[in-house]
């Protein structure tokens, strides 16, 4: 069975609020299916959504904002990391990576994640508590070494 993503997963990947995503659904830019009372989105539906020009621009702004906000914040009282990973990958590999990072983010309450796949390149942005970002990066490194 193919992986599906919840509304919260899509919000986490994009940085859009669930309310914004529901507006996109009302405009039929984002299509999904309600399963047992919860919205579910296939990889194909998300790929179509991410290819919409209006959505692409919004995602670009959100991702840039993550890095800009990190760089502009100077008064921190804990260690923080912001990292950008560019990973060459097919669309299928990108979908697996997206699922992998989404699963890891469920245990990272003080970390923000953005994901994008364009023309054979995944871009992953992680920003947050140093220990959480390092745990995610180590898990990715282990995955990469397994393959």
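A short reminder: the numbers here are calculations on the coordinates, not readings from a lab. All figures in this text were calculated on a predicted structure; none of them were measured in a lab. Heads up, the Cβs are rebuilt from the backbone with ideal geometry, glycines too, and the neighbour counts pull from every protein chain shown.
Let's see how each residue does on (1) more than 26 Å from residue 66 (Cα to Cα); (2) in contact (Cβ under 8 Å) with a residue 40 or more places away in the chain:
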residue: 2; (1), (2): yes, yes
residue: 7; (1), (2): no, no
residue: 13; (1), (2): no, yes
residue: 18; (1), (2): no, no
residue: 29; (1), (2): no, no
residue: 37; (1), (2): yes, no
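Condition check: exposed (fewer than 13 other Cβ atoms within 10 Å of the Cβ), under 12 Å from the mean Cα position of the chain (by Cα) and either free of Cβ contacts under 8 Å to residues at least 40 places away in the same chain or part of a strand (DSSP E or B) (or both). Does residue 86 satisfy that?
No: the conditions fail for residue 86.
Any idea which residue in region 105-126 is farthest from residue 15 (Cα to Cα), counting only those that are buried (at least 19 other Cβ atoms within 10 Å of the Cβ) and over 11 Å from the mean Cα position of the chain (by Cα)?
Residue satisfying both the conditions and the ranking: 108.
For region 26-51, how many residues meet the condition of being surrounded by 13 or more Cβ atoms within 10 Å (Cβ to Cβ) and touching a helix residue (DSSP H, G or I) at 6+ places or on another chain (Cβ under 9 Å)?
Qualifying residue count, region 26-51: 12.
So, in region 110-122, how many residues would count as being part of a loop (DSSP other than H, G, I, E, B) and touching a residue at least 12 places away in the same chain (Cβ under 8 Å)?
Residues in region 110-122 being part of a loop (DSSP other than H, G, I, E, B) and touching a residue at least 12 places away in the same chain (Cβ under 8 Å): 2 in total.
Kindly indicate whether residue 94 is buried (at least 19 other Cβ atoms within 10 Å of the Cβ), within 14 Å of the chain's Cα centre (by Cα) and part of a helix (DSSP H, G or I).
Yes: the conditions hold for residue 94.
Take the conditions assigned to a loop (DSSP other than H, G, I, E, B) and either surrounded by 16 or more Cβ atoms within 10 Å (Cβ to Cβ) or in contact (Cβ under 8 Å) with a residue 60 or more places away in the chain (or both) and apply them to residue 70. Does it pass?
no
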